[in-house]
Every structure is written in structure tokens, then in C-alpha cells.
Amino acid sequence: MQKKLWIILAMVFVIPGLLFTASCSKKAVKEDTSLSQQAEDEAAEKARQEELARQRAIEEARLKEDAIQKAKDNFLNEDIHFEFDSATLTPNAQEILKTKAEWLQNNPNGKSTVEGHCDERGTLEYNLALGERRASSVKSFLVDLGIPASRLITISYGEERPADPGQNEAAWAKNRRCHFTLN
């Protein structure tokens with residue numbers, strides 16, 4: 001009978017104790033695994049977000065640089081054209097100059113040379129004077145738009161630097177121009 005009592009006591013105390021400790025240890029391992037997995041997932045998500053933000057910043061900087069370069073290229077490559085024997089700005093030329101003035105306002109350290117050009121008809125002296133009038137006309141328009149005169153230099157090349165060496169009306173129309181360079 002005593003043996004039975006010991007067996008019963010063992011069953012009453014030992015077996016539930018073992019079950020309790022075994023079940024508690026399993027739960028703790030599961031919770032630790034899920035918590036560490038959750039922490040790893042959060043860290044990975046944070047790293048992905050940081051990488052996306054860094055890539056976005058790089059892309060925005062590249063787009064901004066491209067826009068600046070495009071504006072600079074437009075400033076340099078878009079000439080102002082004139083009618084035959086005229087230094088009067090056409091409406092189209094005025095629109096182009098407004099764009100150039102905007103670029104100059106956005107780039108306060110930029111200085112530009114306005115080159116006056118003519119077609120080959122006329123004497124050398126006359127064409128130099130006409131090129132100077134054209135460059136001065138462009139400079140005056142830009143100054144009226146708020147660009148300081150000290151940032152603009154004018155020079156006349158007359159007929160000396162043609163854009164198109166042809167001797168027809170289409171070539172002459174290309175040569176009657178003001179061209180811009182940056183200093």
C-alpha cells in the first residue's frame with residue numbers, strides 16, 4: 001500500500017510539474033523566435049525604406065542636374081534672329097530672351113557675352129556696326145527685364161563668323177543673329 005501511495009504522490013506532483021515546465025519552456029522558445037523574427041523583419045523593412053529614400057534622393061539630384069544642364073544648353077544654343085538690315089527684336093526673339101533672362105536670374109553668378117552677327121551682304125564696317133546694334137538691342141532688352149548690365153558683354157563679329165557659309169536667303173537668315181556664350 002505504501003508503494004501505491006508513493007506512486008500516486010509521484011503522479012500527483014511530479015508528472016504535473018514536468019508537464020508544467022515542459023509546456024512553459026516551449027512557449028518561451030516560440031515567443032523568442034517570433035519576437036526575433038519580427039525584429040529582423042522590422043530592421044529589414046527599415047533598411048529597404050532607407051535604401052529607397054537614398055535612391056529617390058539620387059534620382060532627384062540627377063533630374064535637377066539634367067534640368068539645369070538642359071536650361072544651360074538652351075541658353076547657349078538658342079540664337080536670336082533678325083530681319084534683313086534690322087536690329088529690331090521680333091516677338092519670337094523677345095520670347096526667347098525672356099527665357100534667357102529667367103536663366104540668368106536663376107544663375108546670379110552667370111555672365112554672358114552677346115555676339116552680334118550679320119550676313120555677308122554689306123561692307124565690313126557696316127556689318128560690324130549692325131552686329132553691334134543687334135547685340136546692344138538684345139542687351140537693352142535683357143537689362144529691361146532686370147538683368148544687371150554688368151553681367152552682359154556685347155561684341156560684334158559682323159559677317160566674320162557665319163553660322164551657314166551658304167550664299168542664299170536661307171543661309172543669310174541663319175547668319176543674321178545674336179549668339180550667347182558664358183564667361
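Read the figures in this text as sums done on the coordinates, not as results from a lab. This structure is a prediction, so every number in the text was calculated from the model and none was measured. Positions of Cβ are generated from backbone atoms using ideal geometry, with glycine treated the same way; all protein chains shown enter the neighbour counts.
Once the Cα atoms are used to define both axes, helix 91-106 deviates from the longest principal axis of the chain by about 50 degrees. With 0.36 nm allotted per residue and the present C-alpha distance subtracted, the Asp73-Glu95 stretch has 6.3 nm of extension available. Here the sum of -39500 (n - 2.57) over DSSP H runs of 4 or more residues, divided by the residues of the chain, equals -22000 deg cm²/dmol at 222 nm, to the nearest 500. Listed values (i) 19.9; (ii) 22.5; (iii) 17.7 include one computed from this model; for Kirkwood radius over Cα pairs in Å that value carries the label (ii).
Taking a quarter of the surface of the Cα convex hull of the stretch 81-182, what do you get in nm²? Before the final figure, lay out the partial values.
Values: hull surface 23.6 nm².
Value for the stretch 81-182: 5.9 nm².
A 25 angstrom limit on the alpha carbon distance is what I want to check against. Which of Lys64/Lys174; Lys70/Lys111; Lys46/Lys70 exceed it? Where the Cα-Cα span goes over 25 Å, the pairs concerned are Lys64/Lys174; Lys46/Lys70. The DSSP beta bridges internal to the stretch 62-183 are antiparallel in roughly 55% of cases. Length available on full extension from Ala170 to Glu120: 0.36 nm per residue minus the Cα-Cα distance, which gives 16.7 nm.
At a 10 Å Cβ-Cβ cut-off, how would you order Cys178, Cys118, fewest neighbours first? Don't skip to the end; give the middle numbers.
Details: Cys178 26, Cys118 29.
Fewest-to-most ranking of Cys178, Cys118: Cys178, Cys118.
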